[in-house]
Every structure is written in structure tokens, then in C-alpha cells.
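Asker: Please see the structure below; I have some questions.
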Amino acid sequence: QVQFVESGGGLVQPGGSLRLSCAASGTISSIFVMGWYRQAPGKQRELVAALTGSSTVYSDSVKGRFTISRDNAKNTVYLQMNSLKPEDTAVYYCNRFPVPFNYWGQGTQVTVSS
């Protein structure tokens, strides 16, 4: 089974920055396309960003503000989040893209508020 442990979330002011980390274990995550997802209360989980070894994809709402990267040696995926907006508030998860594994980690809460 694939296990994901997300970290790095917190409470930040609009315009602030956070760097999220996703540590994968139980499998070799580098062979999969990895992505960051988020889910706000009352909304469906949505894809935020994804990457392979050579390309990236971002949702229109975060393009230019977020950057996804990975460290294959550490089985870790990162999401650098800049210029945060209140609408970015959500629980952020990492998983396979475009078809996630059935298992989801606990996620990390990101709250953007003044």
C-alpha cells in the first residue's frame, strides 16, 4: 500500500507563503505521476498541481503562484505556495495523478485569513 504524509500547512495572511511537503512510503512513488490536491469544506477534492520527471500541470487558479517539485532520492514532493489567497484555504493532499490511489493521507490544513 502507498502511504502519504503531508506537512507544512498552517495559518497565513493573504499574500503570504507556505511550502508543503509530501513524504511517500510503502512504494516507489517516482514511477507514478504525482500531484497535489485540495478540498475545501463543502466542495469536491480538486487537482492543484501535478508533475512527471519533465513536465508540470497547474490548475488555472494557482498558475503563476504555486510551484510543484520533487526530490526522488527522498521520495518527497513539494508545493511552494506564494501569494496565497483566502480561496486557497483547504486541506491539501498528495496522491497519484490523474487517477489517485484509494488511500489518502491525513492532509495538511492551509488557512489563509487576515
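Asker: Collect the residues in region 92-114 that are of a type outside the set (Phe, Trp, Tyr) and either within 14 Å of GLN3 (Cα to Cα) or without any contact (Cβ under 8 Å) to a residue 60 or more places away in the chain (or both), keeping them in residue-number order.
Answerer: CYS94, ASN95, ARG96, VAL99, PRO100, ASN102, GLY105, GLN106, GLY107 - these are the residues of region 92-114 that are of a type outside the set (Phe, Trp, Tyr) and either within 14 Å of GLN3 (Cα to Cα) or without any contact (Cβ under 8 Å) to a residue 60 or more places away in the chain (or both).
Asker: Taking the residues in region 11-21 that are more than 16 Å from TRP36 (Cβ to Cβ) and assigned to a strand (DSSP E or B) as candidates, determine which candidate is most open to solvent (accessible area, probe 1.4 Å).
Answerer: The extreme case among them is LEU11.
Asker: Considering PHE32, PHE4, which residue is under 14 Å from the mean Cα position of the chain (by Cα) and at pLDDT below 95? Break it down into steps so the answer makes sense when it comes.
Answerer: Numbers: PHE32 fails: under 14 Å from the mean Cα position of the chain (by Cα).
Just a single option satisfies the conditions, and that option is PHE4.
Asker: Inspect region 97-108 for any residue being farther than 20 Å from GLY42 by Cα, at pLDDT 95 or above and not hydroxyl-bearing (Ser, Thr, Tyr) and give the result as yes or no.
Answerer: The answer is no; no qualifying residue exists.
Asker: Answer with yes or no whether ALA40 is surrounded by 15 or more Cβ atoms within 10 Å (Cβ to Cβ) and not aromatic (Phe, Trp, Tyr). Break it down stepwise before answering.
Answerer: On the way: surrounded by 15 or more Cβ atoms within 10 Å (Cβ to Cβ): no; not aromatic (Phe, Trp, Tyr): yes.
In short, no.
Asker: Checking ASN82 against (1) open to solvent by less than 50 Å² (accessible area, probe 1.4 Å); (2) touching a Lys or Arg at 6+ places or on another chain (Cβ under 8 Å), which test does it fail?
Answerer: Among (1) open to solvent by less than 50 Å² (accessible area, probe 1.4 Å); (2) touching a Lys or Arg at 6+ places or on another chain (Cβ under 8 Å), the lone unmet condition for ASN82 is (1).
Asker: If you scan region 28-78, which residues turn out to be charged (D, E, K, R), closer than 19 Å to PHE101 by Cβ and either in contact with a Cys (Cβ under 6 Å, 6 or more places away or on another chain) or without any contact (Cβ under 8 Å) to a residue 60 or more places away in the chain (or both)?
Answerer: Correct list: ARG45, GLU46, ARG70.
The values are calculated or read from the model by the stated rules, or taken from the named source; none is laboratory data. This is a predicted model, so every value here is computed, not measured. Cβ: placed from backbone, ideal geometry, glycine included. Neighbour counts: every protein chain shown. Surface accessibility is based on the protein's heavy atoms, side chains included, excluding ligands, DNA and RNA. Shrake-Rupley method; radii C 1.70, N 1.55, O 1.52, S 1.80 Å.
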